[in-house]
2 protein chains.
Amino acid sequence: MSVLAPELRDFLDANRVGVLATQAESGIPRQSVVYYARAGDELLISTLAGRAKTRDVERSGWASLCVRGDAVPYPSAVFSGPAEIHTTRIGPLTAAVMQRVAGLDEPPEPQTDEALAGIGRVILRIAVDRVSAVSYIEVSA
Amino acid sequence: MSVLAPELRDFLDANRVGVLATQAESGIPRQSVVYYARAGDELLISTLAGRAKTRDVERSGWASLCVRGDAVPYPSAVFSGPAEIHTTRIGPLTAAVMQRVAGLDEPPEPQTDEALAGIGRVILRIAVDRVSAVSYIEVSA
(Lines give C-alpha, C1' and ligand atoms only; values in the text may rest on other atoms or scores of the structure.)
Protein backbone atom coordinates (compact mmCIF):
# COMPACT_ATOMS: atom_id res chain seq x y z
CA MET A 1 0.00 0.00 0.00
CA SER A 2 1.18 3.50 -0.81
CA VAL A 3 2.37 5.73 2.00
CA LEU A 4 0.93 8.66 0.06
CA ALA A 5 -2.84 9.14 0.27
CA PRO A 6 -4.43 10.38 -2.97
CA GLU A 7 -4.83 13.88 -1.47
CA LEU A 8 -1.10 14.01 -0.71
CA ARG A 9 -0.22 12.89 -4.25
CA ASP A 10 -2.50 15.59 -5.64
CA PHE A 11 -0.92 18.14 -3.32
CA LEU A 12 2.59 17.18 -4.43
CA ASP A 13 1.57 17.34 -8.10
CA ALA A 14 -0.13 20.74 -7.68
CA ASN A 15 3.04 22.32 -6.28
CA ARG A 16 6.60 22.19 -7.61
CA VAL A 17 9.02 23.67 -5.09
CA GLY A 18 9.86 22.51 -1.59
CA VAL A 19 12.46 22.98 1.11
CA LEU A 20 14.92 20.10 1.19
CA ALA A 21 16.52 19.21 4.52
CA THR A 22 19.60 17.05 4.80
CA GLN A 23 21.90 16.33 7.69
CA ALA A 24 25.19 18.24 7.42
CA GLU A 25 28.44 16.60 8.49
CA SER A 26 28.34 18.65 11.71
CA GLY A 27 24.97 17.08 12.49
CA ILE A 28 22.82 20.17 12.09
CA PRO A 29 20.09 20.39 9.43
CA ARG A 30 20.92 21.98 6.07
CA GLN A 31 17.98 23.50 4.13
CA SER A 32 17.53 24.81 0.58
CA VAL A 33 14.69 25.43 -1.88
CA VAL A 34 14.45 22.93 -4.74
CA TYR A 35 12.12 21.98 -7.58
CA TYR A 36 10.89 18.38 -7.44
CA ALA A 37 8.88 15.84 -9.42
CA ARG A 38 6.92 12.90 -8.02
CA ALA A 39 7.08 9.32 -9.32
CA GLY A 40 4.83 7.06 -7.27
CA ASP A 41 5.96 7.44 -3.67
CA GLU A 42 9.34 8.81 -4.69
CA LEU A 43 10.45 12.42 -4.96
CA LEU A 44 13.02 13.40 -7.57
CA ILE A 45 15.31 16.42 -7.36
CA SER A 46 17.89 17.41 -9.97
CA THR A 47 21.03 18.84 -8.41
CA LEU A 48 24.82 18.97 -8.91
CA ALA A 49 27.40 16.37 -7.93
CA GLY A 50 29.49 18.82 -5.90
CA ARG A 51 26.71 20.36 -3.85
CA ALA A 52 26.72 20.06 -0.06
CA LYS A 53 23.21 18.52 -0.13
CA THR A 54 24.48 15.81 -2.49
CA ARG A 55 27.35 14.92 -0.17
CA ASP A 56 24.96 14.94 2.80
CA VAL A 57 22.72 12.36 1.13
CA GLU A 58 25.67 10.22 0.04
CA ARG A 59 26.88 10.18 3.64
CA SER A 60 23.58 9.89 5.57
CA GLY A 61 21.21 8.16 3.11
CA TRP A 62 18.30 10.32 4.23
CA ALA A 63 16.45 13.50 3.25
CA SER A 64 13.16 15.28 3.80
CA LEU A 65 11.16 17.73 1.70
CA CYS A 66 8.69 20.25 3.14
CA VAL A 67 6.15 21.42 0.55
CA ARG A 68 3.67 24.25 1.10
CA GLY A 69 1.06 25.90 -1.03
CA ASP A 70 1.50 29.55 -2.02
CA ALA A 71 -1.73 30.99 -0.63
CA VAL A 72 -3.43 31.30 2.77
CA PRO A 73 -3.85 29.06 4.76
CA TYR A 74 -0.59 27.70 3.31
CA PRO A 75 -1.33 23.94 3.19
CA SER A 76 1.83 21.96 3.87
CA ALA A 77 3.36 18.59 4.68
CA VAL A 78 6.79 17.06 5.21
CA PHE A 79 7.84 13.99 3.20
CA SER A 80 10.90 12.06 4.37
CA GLY A 81 12.69 8.77 3.98
CA PRO A 82 15.76 7.00 2.66
CA ALA A 83 17.52 8.98 -0.06
CA GLU A 84 20.14 8.20 -2.71
CA ILE A 85 22.14 9.98 -5.38
CA HIS A 86 21.77 8.51 -8.87
CA THR A 87 24.02 9.11 -11.87
CA THR A 88 22.90 6.40 -14.30
CA ARG A 89 19.63 6.12 -16.24
CA ILE A 90 18.74 9.59 -15.02
CA GLY A 91 17.80 11.14 -18.38
CA PRO A 92 14.02 10.66 -18.07
CA LEU A 93 14.03 11.51 -14.35
CA THR A 94 15.93 14.74 -15.00
CA ALA A 95 13.54 15.57 -17.86
CA ALA A 96 10.59 15.04 -15.49
CA VAL A 97 12.03 17.62 -13.08
CA MET A 98 12.92 20.05 -15.89
CA GLN A 99 9.35 19.84 -17.18
CA ARG A 100 8.17 21.15 -13.81
CA VAL A 101 10.88 23.84 -13.60
CA ALA A 102 9.88 25.17 -17.02
CA GLY A 103 6.15 24.57 -16.61
CA LEU A 104 5.91 22.54 -19.84
CA ASP A 105 3.01 20.30 -20.88
CA GLU A 106 5.42 17.54 -21.85
CA PRO A 107 8.89 16.65 -20.57
CA PRO A 108 11.79 17.79 -22.76
CA GLU A 109 13.79 15.21 -24.72
CA PRO A 110 15.85 13.25 -22.16
CA GLN A 111 19.60 13.84 -22.18
CA THR A 112 22.05 10.95 -22.04
CA ASP A 113 23.82 10.03 -18.80
CA GLU A 114 27.05 11.13 -20.46
CA ALA A 115 25.67 14.57 -21.29
CA LEU A 116 24.29 14.99 -17.74
CA ALA A 117 27.60 13.83 -16.23
CA GLY A 118 29.33 16.44 -18.38
CA ILE A 119 27.38 19.22 -16.66
CA GLY A 120 27.56 17.56 -13.24
CA ARG A 121 23.84 16.79 -12.99
CA VAL A 122 22.70 14.04 -10.61
CA ILE A 123 19.30 12.92 -9.31
CA LEU A 124 18.58 13.01 -5.57
CA ARG A 125 15.80 10.51 -4.96
CA ILE A 126 13.76 10.26 -1.74
CA ALA A 127 11.77 7.06 -1.13
CA VAL A 128 9.06 8.59 1.06
CA ASP A 129 8.30 6.37 4.04
CA ARG A 130 6.96 9.02 6.42
CA VAL A 131 4.62 11.99 6.10
CA SER A 132 4.50 14.44 9.01
CA ALA A 133 3.35 17.94 9.96
CA VAL A 134 0.36 17.77 7.59
CA SER A 135 -1.48 21.11 7.78
CA TYR A 136 -4.61 22.25 5.93
CA ILE A 137 -4.70 19.18 3.68
CA GLU A 138 -7.77 16.96 4.12
CA VAL A 139 -6.61 13.36 4.02
CA SER A 140 -9.32 10.68 3.91
CA ALA A 141 -9.01 7.89 6.48
CA MET B 1 27.27 45.22 12.30
CA SER B 2 24.09 43.39 11.39
CA VAL B 3 24.35 39.98 9.79
CA LEU B 4 21.22 40.86 7.81
CA ALA B 5 21.72 43.11 4.79
CA PRO B 6 18.86 45.60 4.22
CA GLU B 7 17.59 43.51 1.30
CA LEU B 8 17.35 40.44 3.54
CA ARG B 9 15.49 42.40 6.22
CA ASP B 10 13.06 43.64 3.58
CA PHE B 11 12.65 40.09 2.27
CA LEU B 12 11.90 38.75 5.74
CA ASP B 13 9.40 41.53 6.38
CA ALA B 14 7.67 41.01 3.01
CA ASN B 15 6.99 37.33 3.78
CA ARG B 16 5.53 35.74 6.89
CA VAL B 17 5.84 31.95 6.73
CA GLY B 18 8.96 29.80 6.60
CA VAL B 19 10.11 26.23 7.09
CA LEU B 20 11.65 25.70 10.50
CA ALA B 21 14.31 23.01 10.83
CA THR B 22 15.46 21.67 14.16
CA GLN B 23 17.57 18.67 15.06
CA ALA B 24 15.47 15.77 16.35
CA GLU B 25 16.77 13.61 19.19
CA SER B 26 17.62 10.90 16.63
CA GLY B 27 19.88 13.42 14.89
CA ILE B 28 17.86 13.83 11.70
CA PRO B 29 16.32 17.16 10.71
CA ARG B 30 12.72 17.92 11.68
CA GLN B 31 10.82 20.41 9.48
CA SER B 32 7.52 22.29 9.81
CA VAL B 33 5.89 25.42 8.40
CA VAL B 34 5.63 28.33 10.84
CA TYR B 35 4.70 32.02 10.88
CA TYR B 36 7.48 34.31 12.09
CA ALA B 37 8.19 37.94 12.95
CA ARG B 38 11.56 39.70 12.76
CA ALA B 39 13.06 41.88 15.49
CA GLY B 40 16.46 43.19 14.41
CA ASP B 41 18.53 40.13 13.57
CA GLU B 42 16.26 37.80 15.53
CA LEU B 43 13.40 35.68 14.29
CA LEU B 44 10.43 35.04 16.57
CA ILE B 45 8.09 32.06 16.32
CA SER B 46 5.11 31.40 18.58
CA THR B 47 4.66 27.71 19.34
CA LEU B 48 3.55 25.36 22.12
CA ALA B 49 5.57 24.11 25.09
CA GLY B 50 4.92 20.45 24.32
CA ARG B 51 5.81 20.48 20.64
CA ALA B 52 8.69 18.37 19.33
CA LYS B 53 10.32 21.47 17.77
CA THR B 54 10.29 23.14 21.21
CA ARG B 55 12.03 20.19 22.83
CA ASP B 56 14.53 20.04 19.95
CA VAL B 57 15.53 23.67 20.56
CA GLU B 58 15.72 23.21 24.32
CA ARG B 59 18.06 20.27 23.78
CA SER B 60 20.19 21.52 20.85
CA GLY B 61 20.07 25.32 21.17
CA TRP B 62 19.89 25.77 17.39
CA ALA B 63 17.36 26.24 14.60
CA SER B 64 17.11 27.43 10.99
CA LEU B 65 14.30 29.02 9.03
CA CYS B 66 14.02 28.80 5.23
CA VAL B 67 11.87 31.58 3.78
CA ARG B 68 10.75 31.75 0.14
CA GLY B 69 8.58 34.10 -1.83
CA ASP B 70 5.29 32.82 -3.27
CA ALA B 71 5.87 33.61 -6.95
CA VAL B 72 8.35 32.66 -9.67
CA PRO B 73 11.37 32.72 -9.43
CA TYR B 74 10.70 31.90 -5.76
CA PRO B 75 13.33 34.08 -4.01
CA SER B 76 14.60 32.36 -0.90
CA ALA B 77 17.20 32.27 1.85
CA VAL B 78 18.00 30.25 4.96
CA PHE B 79 18.53 32.01 8.30
CA SER B 80 20.14 30.03 11.12
CA GLY B 81 21.78 30.42 14.47
CA PRO B 82 21.53 29.83 18.21
CA ALA B 83 17.94 29.39 19.35
CA GLU B 84 16.15 29.48 22.69
CA ILE B 85 12.69 28.93 24.13
CA HIS B 86 11.31 31.87 26.12
CA THR B 87 8.40 31.84 28.55
CA THR B 88 8.74 35.20 30.31
CA ARG B 89 8.15 38.71 28.96
CA ILE B 90 6.79 37.13 25.79
CA GLY B 91 3.52 39.10 25.56
CA PRO B 92 4.74 41.73 23.06
CA LEU B 93 6.78 39.15 21.09
CA THR B 94 3.76 36.86 20.79
CA ALA B 95 1.61 39.82 19.74
CA ALA B 96 4.16 40.68 17.03
CA VAL B 97 3.84 37.18 15.57
CA MET B 98 0.04 37.17 15.88
CA GLN B 99 -0.09 40.49 14.00
CA ARG B 100 1.59 38.75 11.06
CA VAL B 101 -0.59 35.65 11.30
CA ALA B 102 -3.75 37.76 11.18
CA GLY B 103 -2.38 40.35 8.73
CA LEU B 104 -3.23 43.28 11.05
CA ASP B 105 -1.92 46.85 10.73
CA GLU B 106 -1.14 46.93 14.45
CA PRO B 107 -0.22 44.17 16.90
CA PRO B 108 -3.08 42.97 19.14
CA GLU B 109 -3.06 43.86 22.84
CA PRO B 110 -0.25 41.76 24.44
CA GLN B 111 -1.34 38.94 26.73
CA THR B 112 0.31 38.42 30.11
CA ASP B 113 2.92 35.68 30.61
CA GLU B 114 0.40 33.97 32.90
CA ALA B 115 -2.30 33.93 30.21
CA LEU B 116 0.16 32.63 27.61
CA ALA B 117 1.43 29.94 30.01
CA GLY B 118 -2.19 28.92 30.55
CA ILE B 119 -2.54 28.07 26.86
CA GLY B 120 0.97 26.64 26.60
CA ARG B 121 2.36 29.37 24.35
CA VAL B 122 6.12 29.91 24.21
CA ILE B 123 8.42 31.95 21.96
CA LEU B 124 11.11 30.21 19.93
CA ARG B 125 13.77 32.80 19.19
CA ILE B 126 16.56 32.42 16.63
CA ALA B 127 19.54 34.79 16.87
CA VAL B 128 20.52 34.72 13.20
CA ASP B 129 24.28 34.43 12.78
CA ARG B 130 24.37 32.83 9.33
CA VAL B 131 22.52 33.36 6.06
CA SER B 132 22.90 30.68 3.38
CA ALA B 133 21.37 29.43 0.13
CA VAL B 134 20.37 32.95 -0.93
CA SER B 135 18.52 32.70 -4.27
CA TYR B 136 17.01 35.44 -6.42
CA ILE B 137 17.55 38.14 -3.79
CA GLU B 138 19.92 40.94 -4.81
CA VAL B 139 22.12 41.71 -1.82
CA SER B 140 24.37 44.76 -2.11
CA ALA B 141 28.03 44.22 -1.28
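The values are calculated or read from the model by the stated rules, or taken from the named source; none is laboratory data. Keep in mind the model is a prediction, meaning the values are calculated, not measured. Methodologically, a virtual Cβ is constructed for each residue, glycine included, from the backbone with ideal geometry; neighbour enumeration extends over all protein chains shown. Quick note on the areas: whole protein, heavy atoms, side chains included, nothing else; ligands and nucleic acids left out. Shrake-Rupley method; radii C 1.70, N 1.55, O 1.52, S 1.80 Å.
Figures for the structure shown
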| quantity | calculated |
| --- | --- |
| The stretch A:63-141: trypsin sites (Lys or Arg not before Pro) in DSSP coil with no more than 15 other Cβ atoms inside 10 Å | A:ARG89 |
| Simple spin-label estimate for B:ARG55 and A:SER140 in nanometres, 7 Å along Cα-Cβ | 3.4 nm |
| Accessible-area ranking of B:LEU48, B:LEU4, largest first, probe 1.4 Å | B:LEU48, B:LEU4 |
| Total formal charge among the other residues, if their Cβ is under 14 angstrom from that of A:ASP70, Lys/Arg +1 and Asp/Glu -1 | +3 |
| For A:VAL67, solvent-accessible area (1.4 Å; no DNA, RNA or ligand), Å² | 0 Å² |
| Area accessible to solvent at B:THR94, 1.4 Å probe radius, in Å² | 10 Å² |
| Integer Hz, Karplus 6.51/-1.76/1.60 couplings in order for the stretch B:120-134, x for Gly and Pro | x, 7, 10, 10, 9, 10, 9, 8, 5, 10, 8, 10, 9, 6, 6 |
| Cα-Cα P(r), the protein assembly as shown, percent of pairs per 10 Å interval | 6, 28, 35, 22, 7, 2, 0 |
| Rg(Cα)/(2.2 N^0.38 Å) for the stretch B:1-76, N = residue count | 1.17 |
| Diffusion coefficient, µm² s⁻¹, Stokes-Einstein with Kirkwood Rh over alpha-carbon pairs of chain A at 10 °C and 1.306 mPa s | 103 µm²/s |
| Loss of accessible area when B meets A, both sides summed, Å² nearest 100, probe 1.4 Å | 2300 Å² |
| Residue-normalised accessible area of the protein assembly as shown, expressed per residue, 1.4 Å probe, Å² | 48 Å² |
| Other-copy label distances relative to A:ALA115, 7 angstrom Cα-Cβ extension, nm | 6.3 |
| FRET efficiency, B:ARG9 to A:ASP129 (Cβ-Cβ, R0 45 Å, nearest 0.05) | 0.70 |
| A:GLU106, A:GLU42, ranked by accessible area, largest first (probe 1.4 Å) | A:GLU106, A:GLU42 |
| A:GLU25 paired with A:ALA117, simple spin-label distance in nm, labels 7 Å along Cα-to-beta-carbon | 2.5 nm |
| Karplus-derived 3J(HN,Hα), 6.51/-1.76/1.60, for each residue of the stretch A:17-26, Hz, glycine and proline x | 10, x, 9, 7, 10, 10, 9, 5, 4, 6 |
| Computed Rg/Rh of the stretch B:58-141, alpha carbon atoms with Kirkwood Rh | 1.05 |
